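This report concerns only the one structure given below.
The values are calculated or read from the model by the stated rules, or taken from the named source; none is laboratory data. A quick note: this is a predicted structure, and the numbers were derived from the prediction, not measured. Don't worry about glycine lacking a Cβ; one is built from the backbone with ideal geometry, like all the others, and counts go over all protein chains shown.
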Amino acid sequence: MKILITGGAGFIGSNLIHYLIDNTNHNVVNVDKLTYAGNLVSLKDIENNDRYSFEQVDICDYDKVRDLFTKHSPDAVMHLAAESHVDRSIDGPGEFIQTNIVGTYNLLQISYNYWKSLEESKKNLFRFLHVSTDEVFGSLGETGFFTETTPYDPKSPYSASKAASDHLVRAWQHTFGLPAMITNCSNNYGPYQFPEKLIPVAILNAINGKDIPIYGKGDNVRDWLYVEDHAAALYLVLREGEIGETYNIGGKNEIKNIDIVNIICDILDELKPKVSGSYKDQIKFVRDRPGHDKRYAIDPTKIETELGFKPAHNFSEGIRKTVEWYLNNLEWCTEVMQNKYKLERLGTLK
């Protein structure tokens with residue numbers, strides 16, 4: 001197949017492209033606007049691969065996206081392009097509305113018109129996979145899990161924009177027959193994550209001797225999924241998922257934020273010990289995020305039973321690999337953050 005991937009220079013997208021190039025014979029077209037979070041340095045090792053090509057295009061540019069379909073004639077679309085950081089959505093929600101809602105509409109409409117024009121054999125094989133988040137479901141209490149039938153209850157500008165995009169995909173599938181599917185995943189972690197999220201911020205602040213910020217009391221709970229496992233699941237859904245269905249992808253790794261940071265500090269104390277003391281000495285509790293959701297947790301029973309998905313990494317394995325990757329790729333961190341971000345706090349409603 002030729003697979004068109006939007007947002008392929010981002011965190012999950014670059015890992016997905018690596019997975020496809022390394023484990024399949026498919027051709028990949030990477031479509032990315034290259035915002036602050038999209039970095040081609042993450043794909044430097046495959047940039048000359050004859051099965052990979054890159055197009056710098058904003059999915060909000062209808063005409064340019066349409067031209068890409070004419071040029072590349074994809075057999076499938078995997079839509080990952082999105083503004084994704086909750087804190088940034090608090091500071092500037094407009095970009096989230098444009099990219100996550102208007103951009104998704106553009107891609108759906110162009111995909112639909114393209115799909116209609118295909119000959120019957122290619123039309124039957126075409127798939128549109130929309131990659132979303134568990135944050136569309138809102139916040140859980142102490143118990144319970146998100147399932148594919150959990151009502152939507154987004155609480156941040158980011159999650160509201162992603163919820164809207166999910167609804168658009170379902171509408172284009174139900175009303176127009178576009179062969180679309182949706183995945184909702186739990187929090188990803190692993191290589192190539194732009195250093196603005198909890199895990200890379202904790203690692204980099206720790207080794208740079210800075211405070212490691214913990215929102216509120218650090219008792220917010222997330223369900224963590226190693227990004228390479230997510231990539232494998234997405235490809236599985238593309239191949240074997242049923243049109244019109246949604247699949248929740250989770251790692252069954254519920255952990256409090258404070259516990260994650262303590263684990264990271266323990267690993268750093270072992271791999272890169274300080275002259276004196278522990279990295280835990282740098283932990284600092286800061287004012288909580290506005291409207292901070294308390295707990296997310298996914299029930300992945302459907303994708304496990306219907307498609308046979310099973311994550312290859314537990315959290316202890318994945319977090320060690322992640323810490324090691326950042327320690328071994330500090331040049332990547334410097335390059336992607338250059339003139340873009342300095343590990344400062346965002347989304348504080350000053």
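For the range 138-148, a residue qualifies if it is within 21 Å of the chain's Cα centre (by Cα) and either exposed (fewer than 14 other Cβ atoms within 10 Å of the Cβ) or of a type outside the set (Ser, Thr, Tyr) (or both), and the qualifying residues are Gly138, Leu140, Phe145, Phe146, Glu148.
One line per residue, one yes/no per condition, for (1) assigned to a helix (DSSP H, G or I); (2) more than 30 Å from Glu135 (Cα to Cα); (3) among the polar types (S, T, N, Q); (4) modelled with pLDDT of 95 or more:
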residue: Asn30; (1), (2), (3), (4): no, no, yes, yes
residue: Tyr36; (1), (2), (3), (4): no, no, no, no
residue: Asp50; (1), (2), (3), (4): no, yes, no, yes
residue: Cys60; (1), (2), (3), (4): no, no, no, yes
residue: Asp67; (1), (2), (3), (4): yes, yes, no, yes
residue: Ser84; (1), (2), (3), (4): no, no, yes, no
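Looking across the range 114-137, the residues that are among the hydroxyl-bearing types (Ser, Thr, Tyr) and either surrounded by fewer than 19 Cβ atoms within 10 Å (Cβ to Cβ) or assigned to a helix (DSSP H, G or I) (or both) come down to Tyr114, Ser117, Ser121. Comparison of His85, His79 shows that the only residue that is closer than 30 Å to Ser186 by Cβ, touching a His at 6+ places or on another chain (Cβ under 7 Å) and either in contact (Cβ under 8 Å) with a residue 60 or more places away in the chain or surrounded by fewer than 16 Cβ atoms within 10 Å (Cβ to Cβ) (or both) is His79.
Checking each residue in the range 268-304 for being surrounded by 19 or more Cβ atoms within 10 Å (Cβ to Cβ) and out of contact with any strand residue (DSSP E or B) (no Cβ under 8 Å at 6 or more places or on another chain) picks out Leu268, Asp293. Within the range 152-182, the residues that satisfy the criterion of being in contact with a strand residue (DSSP E or B) (Cβ under 9 Å, 6 or more places away or on another chain) and either part of a loop (DSSP other than H, G, I, E, B) or at positive phi (or both) are Leu178, Pro179.
Scanning the range 251-273 for residues that are modelled with pLDDT of 95 or more and in a loop (DSSP other than H, G, I, E, B) gives Lys272, Pro273. Looking at the range 1-12 only, could you name the residues that are farther than 12 Å from Ala232 by Cα and not aromatic (Phe, Trp, Tyr)? Selection gives Met1, Lys2, Ile3, Leu4, Ile5, Thr6, Gly7, Gly8, Ala9, Gly10. Only one of the numbered conditions (1) under 20 Å from the mean Cα position of the chain (by Cα); (2) assigned to a helix (DSSP H, G or I); (3) within 18 Å of Asp32 (Cβ to Cβ) is violated by Ser111, and that is (1).
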